[in-house]
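Q: Have a look at this one.
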Amino acid sequence: MENTSLIRLDHVTRRYEEAGVLRTIFEDVSITFARGEFAVLLGRSGSGKSTLLNLIGGIDEPTAGDVFIDGRNITRMGDEERTLFRRLHIGFVFQAFNLIPTLTVRENVVLPLELVGRTAAATSRVRAAELIEQVGLSHRIDAFPDRLSGGEQQRVAIARALINNPLVVLADEPTGNLDTDTGARVLDLLDTLTRKAGRNLVMVTHSEEVVGVADRVMRLKDGKII
Ligand SMILES: Nc1ncnc2c1ncn2[C@@H]1O[C@H](COP(=O)(O)OP(=O)(O)OP(=O)(O)O)[C@@H](O)[C@H]1O
Ligand SMILES: [Mg+2]
């Protein structure tokens with residue numbers, strides 16, 4: 001069963017304790033994602049969308065239940081093992097781009113390779129340059145992020161998310177800070193570089209355009225996926 005789905009949440013519950021009071025964000029969520037699927041996650045602000053994405057990505061841990069990625073139970077891994085697994089197999093794209101301001105475009109894109117010890121300088125430079133070309137930024141390869149437009153910064157973030165050739169790309173409102181046209185181009189690029197390359201893409205969004213492109217639409221409401 002684990003071989004047929006790339007991402008599987010098995011009876012996952014997430015609660016937070018605040019000032020001694022337990023709050024349930026979602027409860028007993030079981031979902032699977034087929035290989036190469038582009039899924040969209042909708043829901044009101046505070047409904048737990050980012051929390052769910054962070055659980056899939058191993059940034060956060062469930063209160064109960066298990067998360068499987070490519071048949072591996074990441075919930076049962078130790079912190080170090082999970083961090084390495086995440087860096088190798090999961091790419092994240094955030095609304096706020098989160099580029100490192102003191103690094104150039106190329107250095108930002110190469111960084112995840114260095115974090116997993118893939119530092120063979122020549123090959124990593126070539127791979128970074130290829131990805132930067134795919135996102136249309138070869139002419140800006142030595143620029144610093146503050147010299148780039150929002151759409152350009154997000155394209156760098158996409159290249160960075162893909163440098164380790166991840167199985168899964170998780171995107172949290174990746175077009176939220178972009179105008180409609182730029183957002184549409186970023187969406188198209190994400191789709192091309194993920195689903196069309198056989199990777200899974202799970203995206204949190206408010207954009208109706210994204211909903212139209214996705215294979216599957218999920219809504220978080222009152223702690224359940226509907
Ligand atoms: N570390 C934490 N400790 C306590 N509560 C938290 C923590 N992180 C998130 N929450 C709460 O969990 C709920 C869900 O948060 P989450 O960020 O997943 O919402 P969201 O659906 O992504 O919202 P938005 O659309 O505004 O980004 C919120 O009520 C939030 O306050
Ligand atoms: Mg959020």
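Since every read-out is calculated from the coordinates, none of them should be taken as a lab result. Please read these numbers as outputs of a predicted model, since none were measured by experiment. No Cβ is skipped: glycine too gets one built from the backbone with ideal geometry, and neighbour counts run over all protein chains shown.
Q: Can you list the aspartates and glutamates whose alpha carbon is less than 14 Å from that of Lys196, not counting same-chain residues fewer than 8 positions off?
A: In chain and number order, the partners are Glu37, Asp188, Asp215.
Q: Taking the Cα centre of the chain as the origin, how large is its charge dipole in debye, to the nearest 20, when only Lys and Arg (+1) and Asp and Glu (-1) carry charge on their Cβ atoms? Can you show the working numbers first?
A: Numbers: 28 positive and 31 negative charges, 63 e Å.
The calculation lands at about 300 debye.
Q: I've got another one for you. Roughly how far apart, in whole Å, are the Cα centres of segment 17-76 and segment 190-226?
A: For segment 17-76 versus segment 190-226, the Cα centre distance is 15 Å.
Q: Further, regarding this structure: Given +1 on the Cβ of Lys and Arg, -1 on the Cβ of Asp and Glu, and no further charges, what dipole in debye does segment 1-80 carry about its Cα centre, rounded to the nearest 20? List each step's numbers first, then the result.
A: Numbers: 9 positive and 13 negative charges, 60 e Å.
In total the dipole reaches around 280 debye.
Q: Using R₀ = 41 Å, calculate the FRET efficiency as 1/(1 + (r/R₀)^6) where r is the Cβ-Cβ separation of Arg125 and Ala34; round to 0.05. Mind dumping the intermediate values first?
A: Working: r = 35 Å, r/R0 = 0.85.
Efficiency, from the Cβ-Cβ distance: 0.70.
Q: Over segment 33-159, what relative contact order in percent results from Cα pairs under 8 Å that are six or more residues apart? Write out the running numbers ahead of the final one.
A: Details: 99 pairs, mean separation 26.4, N = 127.
Reported relative contact order: 21 percent.
Q: Shifting gears a bit: If one takes the longest principal axis of the Cα atoms in the chain, at what angle in degrees, from 0 to 90 and to the nearest 10, does the Cα axis of helix 105-115 lie?
A: The answer is roughly 50 degrees.
Q: Between helix 79-89 and the chain, what is the angle of the helix's C-alpha long axis to the longest principal axis, kept within 0 to 90° and rounded to the nearest 10?
A: Roughly 60 degrees, rounded to the nearest 10.
Q: OK, next. Can you quote the Å³ per residue value for the convex hull of the Cα atoms in the chain, rounded to an integer?
A: Taking only Cα atoms, the chain has a hull volume of 133 Å³ per residue.
Q: Now a separate question. How high is the FRET efficiency between Ala19 and Ile59 when r is their beta carbon distance and R₀ equals 25 Å, given to the nearest 0.05? Intermediate values should be presented prior to the final figure.
A: Values: r = 24 Å, r/R0 = 0.95.
Once the sixth-power term is evaluated, E becomes 0.60.
Q: Ranking Met203, Met77 by Cβ neighbours within 10 Å, fewest first, what do you get? Numbers along the way, then the final one.
A: Numbers: Met203 28, Met77 17.
Placing the least packed residue first, the sequence is Met77, Met203.
Q: Give me the percent relative contact order of the chain, please, defined on Cα pairs under 8 angstrom at least 6 residues apart. Can you show the working numbers first?
A: Details: 425 pairs, mean separation 66.0, N = 226.
Relative contact order, the chain: 29 percent.
Q: To the nearest 0.05, how large is the calculated FRET efficiency for Asp181 and Asn98 if R₀ is 25 Å and r is the Cβ-Cβ distance? Please list the in-between numbers first.
A: On the way: r = 23 Å, r/R0 = 0.90.
Efficiency for this residue pair is about 0.65.
Q: Quote the charge dipole size of segment 94-201 about the Cα centre in Debye, to the nearest 20; the model charges only the Cβ of Lys and Arg (+1) and of Asp and Glu (-1). Before the final figure, lay out each step's value.
A: Working: 12 positive and 13 negative charges, 81 e Å.
The dipole of segment 94-201 has a size of about 400 debye.
Q: Each residue of segment 133-146 in order: what ³J(HN,Hα) in whole Hz does its phi give by Karplus 6.51 cos²θ - 1.76 cosθ + 1.60, θ = phi - 60°, with x for Gly and Pro?
A: Once rounded to whole Hz, the list reads 5, 4, 8, x, 10, 3, 6, 10, 4, 9, 7, 8, x, 5.
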